Amino acid sequence: MSAEIKTLRLFFALWPDGAVRASLAQLVDTLKQTATAKWVKGENLHITLAFLGEVNEDRLPAVSQVGDSIVGQSFELSLDRIEFWPKKGIICLSPLSAPEALNHLANSLTAGLGRIGFVMENRPFRAHLTLARKACRDSVSSQTIDDPIRWRVSSFSLIESQISRAGSLYLVRKSWNLPSFQAIPDDSSVR
């Protein structure tokens, strides 16, 4: 009799540090004054880079190797637009312009997961941080914010989502650092 293989609900994400979470909490408190919605818990806020869904636990080393293989760099992310997606009733925060390093990171993860057999979404990556679900259509509109949330992204993580009656609990399974960008000196200035 063989043992049952456990499944894990996994995704790669940008996981905010405490300072970014504090800024997000202030923004959410402001939005709560005018928008009616089901707000995401502060400790669960993140930007999904690649969603894997249910994964057999024995595939975790291969998934981890995809993270190990990523060549990227740290970057500055400016979350400066509140968006309302009426079809799904979602309020999210996004960048007006996503840094190329962010798009490269998401696309590299998707390609790496595809190489090991995961069927990934076939739509372009769109960076967003979901703040709320089930928002009332009349309580919020898309807008640029005056005081953007600036996030120095220096790592990405593999997250496990555990669902219970109390809601979702997200556990960081592993994180990878992104090296700082180093400018290469112009050879013409060296004598």
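Structure data summary
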item	result
Selection from region 102-134 of residues that are without any contact (Cβ under 8 Å) to a residue 24 or more places away in the chain and aliphatic (A, V, I, L, M)	111, 119
Which listed residue, of 19, 13, 50, is in a helix (DSSP H, G or I) and not aromatic (Phe, Trp, Tyr)	19
Subset of region 35-64 that is loosely packed, with under 15 Cβ neighbours inside 10 Å and touching a helix residue (DSSP H, G or I) at 6+ places or on another chain (Cβ under 6 Å) - its residue that is modelled with the highest pLDDT	42
So residue 141, is it over 17 Å from residue 40 (Cα atoms), modelled with pLDDT of 95 or more and hydroxyl-bearing (Ser, Thr, Tyr)	no
Selection within region 53-97 - in a strand (DSSP E or B) and more than 17 Å from the chain's Cα centre (by Cα)	54, 55, 56, 84, 85
In region 106-131, the residues that are closer than 26 Å to residue 41 by Cβ and at pLDDT below 95	121, 125, 126
Search result, residues across region 4-25 that are exposed (fewer than 12 other Cβ atoms within 10 Å of the Cβ) and of a type in the set (Asp, Glu)	4
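The values are calculated or read from the model by the stated rules, or taken from the named source; none is laboratory data. Model, not experiment: these values are computed from the prediction. Backbone-built Cβ (ideal geometry, glycine too); neighbour counts: all protein chains shown.
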